[in-house]
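The values are calculated or read from the model by the stated rules, or taken from the named source; none is laboratory data. Quick caveat, the model's predicted, so the values are computed rather than measured. Heads up, the Cβs are rebuilt from the backbone with ideal geometry, glycines too, and the neighbour counts pull from every protein chain shown. Please note that ligands, DNA and RNA were not included when accessible areas were found on the heavy atoms of the full protein model with its side chains. Shrake-Rupley method; radii C 1.70, N 1.55, O 1.52, S 1.80 Å.
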Amino acid sequence: MSSITIRAAIVSDLDRITDIYADAVAHGTASYELEPPSRAEMGARFASLMAGGFPYLVAEKDGTLLGYAYAGAFRPRPAYRFVVEDSVYVAPEAKGQGVGLKLMQGLVEAAQAAGFRQIIAVIGDGHPDSASVRLHEKLGFRHSGRLEGSGYKHGRWLDTVFMQLSINGGALVPPDSDSLPERKFRE
């Protein structure tokens, strides 16, 4: 039995990534999008993240892509440059197999290596027993806020939960001038 491999996403992964996300949009509440984006839109989003140097990972087993995760800018203002927001999606048939955990462990490592200081999880339908909340808690994220009734999808109001993980010393040490966020800022 082969194991799950985590690797950097490439353009040829986008068809499967688009399918995984389309299922999450159509059937889930993690994303507040109501219509699945096209393959072209997913390609544009991927290209933007790659141009920014952000980590984008996939989980693969026996040649099948099981899920993906990426970190992108939390907000566009330059003072937020050390903060990223994570996203993680797992194919329906792969849920409950540790794919999300492996992806997020890889994503945290990649964000640390790039020199980011905070990872923010913005979790749609973030009730306490949701898989995403439990996953982030397992990784050491702490609860940092809740927006009640902030989304309406599938005929019900949803809360949005914010969770946060400090990395690389968080706000306790000055920025690293050689970090990706600082290099991009100086460009």
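The table below gives the values:
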{"read-out": "Answer from A121, A113 - the residue that is touching a His at 6+ places or on another chain (Cβ under 7 Å) and at negative phi", "value": "A121"}
{"read-out": "Total residues in the stretch 74-93, condition surrounded by fewer than 18 Cβ atoms within 10 Å (Cβ to Cβ) and touching a residue at least 40 places away in the same chain (Cβ under 8 Å)", "value": "2"}
{"read-out": "Filtered residue count, the stretch 99-127, keeping only those that are outside any helix (DSSP H, G or I) and either modelled with pLDDT under 95 or of a type in the set (A, V, I, L, M, F, W, C) (or both)", "value": "10"}
{"read-out": "Matching residues in the stretch 100-132 - criterion: being more than 13 Å from the chain's Cα centre (by Cα) and among the hydrophobic types (A, V, I, L, M, F, W, C)", "value": "A113, A114, F116, A131"}
{"read-out": "Residues of the stretch 54-73 satisfying the condition of being outside any strand (DSSP E or B) and either open to solvent by less than 50 Å² (accessible area, probe 1.4 Å) or free of Cβ contacts under 8 Å to residues at least 12 places away in the same chain (or both)", "value": "F54, P55, G63"}
{"read-out": "Matching entry among G149, G140 (being within 17 Å of the chain's Cα centre (by Cα) and at positive phi)", "value": "G140"}
{"read-out": "Hits in the stretch 28-49 (condition: part of a helix (DSSP H, G or I), of a type outside the set (D, E, K, R) and crowded, with 16+ Cβ neighbours inside 10 Å)", "value": "M42, G43, F46, L49"}
{"read-out": "Index of the failed condition, V84 passing every other in (1) in contact with a Phe, Trp or Tyr (Cβ under 7 Å, 6 or more places away or on another chain); (2) over 23 Å from S150 (Cα atoms); (3) of a type in the set (A, V, I, L, M)", "value": "(2)"}
{"read-out": "Filtered residues of the stretch 151-182 (kept if loosely packed, with under 14 Cβ neighbours inside 10 Å and either among the basic types (K, R) or assigned to a strand (DSSP E or B) (or both))", "value": "Y152, R156, W157"}
{"read-out": "Test: residue in the stretch 97-114 that is more than 21 Å from P181 (Cβ to Cβ), of a type outside the set (G, A, S), in contact (Cβ under 8 Å) with a residue 40 or more places away in the chain and touching a helix residue (DSSP H, G or I) at 6+ places or on another chain (Cβ under 7 Å)", "value": "no"}
